[in-house]
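The structure appears below as structure tokens.
The values are calculated or read from the model by the stated rules, or taken from the named source; none is laboratory data. In this text, all values refer to a predicted model and were calculated from it rather than measured experimentally. Keep in mind that these areas ignore ligands, DNA and RNA; they rest on the heavy atoms of the full protein, side chains included. Shrake-Rupley method; radii C 1.70, N 1.55, O 1.52, S 1.80 Å.
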Amino acid sequence: MPATGSRAGAIPDDVTSRRLRLTSLSSAGRKRRWTAHVGGGALGGHMASSAGLALCGHALVVRGGSRLLATSTSSSDGDSLFIYDCSAAEKKSQENKGEDGQPVDQGSDTVLASTFSKSGSYFVLTDDSKRLILFRTNPWQCLSVRTVVRRCTALTFTASEEKILVADKSGDVYSFSVLEPHGGGRLELGHLSMLLDVAVSPDDRFVLTADRDEKIRVSWAAAPHSIESFCLGHTEFVSRIFVVPNHPELLLSSSGDCTLRLWEYRSGRELHCCPLTSLQEPTEPWSDKRFAVSRITYWSQEDCVALSCDGLPVVYIFQLDAAQRQLVPRQLLTFQHRVWDAAFEEGHGLWVLQDCREDPLVLYRPVGGQWQSAPESAELRRVCAHVRVNWAMLEDEFFCSFWKIDQQHMELISKYIEQNRVR
């Protein structure tokens, strides 16, 4: 086991003492081709957002406001539909206290983050009322409603599906049991600054966390105070991290610095950096905007990476060349409406959720090396019909996430980071 903070890629000692809080706590404790994305897979957490899309196998979830809509993309499953509204869930009264002993304040019931487990057997969400709600998916059933200490910014299942890891705005990660669905949370590790994403390695040996202070930290799951490495290189907050499931030594990350980076995360070595702004046409209306990636989704069958960005009507497509340790830009998909989310369905294509009631979802499939829209797809028409009927849960999505990245927020975060450097 490595010594704390002593691995390659570690942050300098003088910065470590000022910017890190290491919490020493031990943690407890079907092979298949699968599609995962940050927010819909086991290895990537889901950063807080209201409108969202998640896919695992044939299960598809659209969420907005306090509600989620779950259905299947497979016609063999029939026209099944499950709808859940967090506003109807059990809520602690104002006088009750959370696990930190402080009063639990009443929230808006808006869903902040959600994700599938690796097999798709479970689905979990957390909302603005500080509830963690666990579901079984076959058939859909709510298993438990638990309380978290602070509002969540990201969550993920462990690969074993035994635990849920919940990252919060104070920089802490708590674990909650799946096997004991009513059990309380356990503090696992902490950062000094807000966490924006959390992920686990495919073998559950490492917990990876990304924070507002430009850092990606790789900790041993069995002893989170023991740090394997830091992945340092981003110059703004790290918005997303994603461990590549069929190349488990590799990590993808995105940031407010408008880059997508590839890492060997155990050594903290950066392998490739791709500036997203270099892939835009200068005539596009958003070309002078600063933005961050809000979703990383991955298709293991073709080593294909897709990125969506908060509020932008685009999806970036990359090819991961694992042998050459690089990312190859392939295509820039443009839309007439804001893109809220995107997710691959293995073997079928790329689903995109957009701000359009008539066509809320778009399905893209590879044709001759290019991704093309498949508007005549029967499963697309069926799922879109469900979303249109329940459009009310999405129509007020003026912000794609509770920390939406616009120019003002970018400047505030940059100022915060610069003040930390001066101190």
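Output ³J(HN,Hα) for region 221-227: one whole-Hz value per residue in order, computed from phi by the Karplus curve 6.51 cos²θ - 1.76 cosθ + 1.60 with θ = phi - 60°, and x for Gly and Pro.
Coupling constants for region 221-227: 5, 6, 8, x, 6, 8, 9 Hz.
Do the alpha carbons of any pairs in K118/K163; K91/K130; K169/K215; K130/K169 sit beyond 19 Å of each other, and which pairs?
Details: K118/K163 12 Å; K91/K130 9 Å; K169/K215 15 Å; K130/K169 12 Å.
Violating the 19 Å Cα-Cα cut-off are zero pairs.
Would you check the accessible area of V200, probe 1.4 Å, heavy atoms only, in square angstrom rounded to 10?
Counting only protein heavy atoms, V200 exposes about 0 Å² to solvent.
Find the accessible area per residue for region 280-395; the probe is 1.4 Å, ligands and nucleic acids are left out, and the unit is Å².
Per-residue accessible area for region 280-395 comes out at 40 Å².
Using θ = phi - 60° and the Karplus form 6.51 cos²θ - 1.76 cosθ + 1.60, what ³J(HN,Hα) does each residue of region 85-90 get, whole Hz, x for Gly and Pro?
With the stated coefficients, region 85-90 comes to 10, 5, 5, 9, 7, 4 Hz.
Please work out whether region 163-319 counts as rounded, prolate or oblate from its C-alpha gyration tensor, where a ≥ b ≥ c are the square roots of the eigenvalues and a/c under 1.5 means rounded, while otherwise a/b larger than b/c means prolate and anything else oblate? Can you show the working numbers first?
Working: a/c = 1.82, a/b = 1.70, b/c = 1.07.
Prolate is the answer for region 163-319, as a/c is 1.5 or above and a/b outweighs b/c.
Mind grabbing the accessible area of H191 for me, 1.4 Å probe, Å², rounded to tens?
Per-residue accessible area (H191): approximately 0 Å².
Got a number for carbon plus sulfur as a percent of region 280-395's accessible area, 1.4 Å probe?
Carbon and sulfur atoms account for 45 percent of the accessible area of region 280-395.
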